[in-house]
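Beneath this line is the structure, given in structure tokens, with notes to follow.
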Amino acid sequence: MSEKRKTIPDKTTDRRMNAPQPGKGSKGAESPHAGATTRSGAAAAPQTVNAEKQLGNFESGIKLFHSRKFREAREHFLRAAEGPERDVAHRARLHVTMCERRFEQPAVNLRTAEDHYNYGVALLNTRKVEEARTHLGRALEMAPDSDHVHYALALVQALAGDLAGAHDHLKRAIELEPRNRIMARQDADFAALAGQPQFQALLYPEKKSW
């Protein structure tokens, strides 16, 4: 009687059949570096593009800030604060705070000539020449014969480089109040114009050579 041979299962075959097949959802079948995506499934944008947009927003915000358009500037700074460059983001956040502080400043309520004059002089002291000229001009419209307004406008025009305008306002200030001549001689803001012949004649009329 012949013996029956036992069949030994092929373990190699079993391993092949149990091995995960490509495309069947096995996590080990795909490379972790292939086709990197964001959490939303979209391809990640290059870092350099985001940095360029961040810097562009910051620069646009700076231009608007200097133009005193604080609300528009704040929007650009907020976008720049979300970018990848830490230094730019930090500066953007600082400028956001600066813009918001400007929002909190109460509006200036100027009604009289003296209001505009005082505000104009305050601006003049901080060398905001154009703004000072605007308010002093309004003061002069309300009070055309105010010697101190003419004197302040002479200073503004001198700082702005308008020699003719500075001369005319100073001349009128002296006509309205002769003591303004002595004041102008001692005023450091007129020092740069002291050598001009027309100012010499105005400030020192006693010198006959003029």
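The values are calculated or read from the model by the stated rules, or taken from the named source; none is laboratory data. What you are looking at is a predicted structure, and each value in this text was computed from that prediction instead of being measured. In this analysis, Cβ positions are derived from the backbone assuming ideal geometry, glycine residues included, and neighbour counts consider all displayed protein chains.
Looking at segment 86-99, is at least one residue farther than 21 Å from F190 by Cβ, outside the structural domain of I174 (by TED's automatic domain parsing) and outside any helix (DSSP H, G or I)? Full working, then the answer.
Residues of segment 86-99 that are farther than 21 Å from F190 by Cβ, as a first pass: 86-99.
Still in the running and outside the structural domain of I174 (by TED's automatic domain parsing): 86-99.
Filter once more, keeping what is outside any helix (DSSP H, G or I): none.
The answer is no; no qualifying residue exists.
Is there a residue in segment 153-164 that is among the hydrophobic types (A, V, I, L, M, F, W, C), surrounded by 15 or more Cβ atoms within 10 Å (Cβ to Cβ) and farther than 21 Å from E131 by Cα?
No, there is no match, as no residue in segment 153-164 is among the hydrophobic types (A, V, I, L, M, F, W, C), surrounded by 15 or more Cβ atoms within 10 Å (Cβ to Cβ) and farther than 21 Å from E131 by Cα.
In segment 153-210, which residues are without any contact (Cβ under 8 Å) to a residue 12 or more places away in the chain, under 21 Å from L140 (Cα atoms) and not charged (D, E, K, R)?
Of everything in segment 153-210, those that are without any contact (Cβ under 8 Å) to a residue 12 or more places away in the chain, under 21 Å from L140 (Cα atoms) and not charged (D, E, K, R) turn out to be G161, A164, P178.
Can you find even one residue in segment 41-59 that is of a type in the set (S, T, N, Q), within 19 Å of the chain's Cα centre (by Cα) and at pLDDT 90 or above? Write out each step before concluding.
Here is the first cut: in segment 41-59, the ones of a type in the set (S, T, N, Q) are 47-48, 50, 54, 57.
So of that shortlist, the ones also within 19 Å of the chain's Cα centre (by Cα) come out as 54, 57.
Subset that is at pLDDT 90 or above: 54, 57.
Yes, there is a match, as at least one residue in segment 41-59 is of a type in the set (S, T, N, Q), within 19 Å of the chain's Cα centre (by Cα) and at pLDDT 90 or above.
Residue check, L170 against (1) surrounded by 13 or more Cβ atoms within 10 Å (Cβ to Cβ); (2) in a loop (DSSP other than H, G, I, E, B), all met but one. Which one?
Answer for L170: the failing condition is (2).
Inside segment 162-210, can you point out the residues that are within 17 Å of H150 (Cα to Cα) and basic (K, R)?
K171, R172, R179, R181, R185
Where residues in segment 91-111 are among the hydrophobic types (A, V, I, L, M, F, W, C), surrounded by fewer than 15 Cβ atoms within 10 Å (Cβ to Cβ) and more than 17 Å from I62 (Cα to Cα), which of them is modelled with the lowest pLDDT?
From segment 91-111, those among the hydrophobic types (A, V, I, L, M, F, W, C) are 92, 94, 96, 98-99, 103, 107-108, 110; that's our starting set.
Keeping just the survivors that are surrounded by fewer than 15 Cβ atoms within 10 Å (Cβ to Cβ) gives 94, 98, 103, 107-108.
Imposing the further condition that a residue be more than 17 Å from I62 (Cα to Cα) reduces the set to 107-108.
Values: A107: 60, V108: 67.
Out of the qualifying residues, it is A107.
Anything in segment 112-148 that is at pLDDT 90 or above and not in a helix (DSSP H, G or I)? List them, or say none.
T112, A143, P144, D145, S146
Looking at (1) under 34 Å from the mean Cα position of the chain (by Cα); (2) part of a helix (DSSP H, G or I); (3) polar (S, T, N, Q), which one does Q200 not meet, given that it meets all the others?
(1)
Would you point out the residue of segment 69-90, among those that are surrounded by 14 or more Cβ atoms within 10 Å (Cβ to Cβ) and within 16 Å of E52 (Cβ to Cβ), that is nearest to the chain's Cα centre (by Cα)?
Checking each candidate, the answer is H76.
Please specify each residue of segment 137-166 satisfying the condition of being charged (D, E, K, R) and in contact with a Gly (Cβ under 9 Å, 6 or more places away or on another chain). Steps first, please.
If we filter segment 137-166 for residues that are charged (D, E, K, R), which is where we start, we get 138, 141, 145, 147, 162.
Within segment 137-166, R138 is the sole residue that qualifies.
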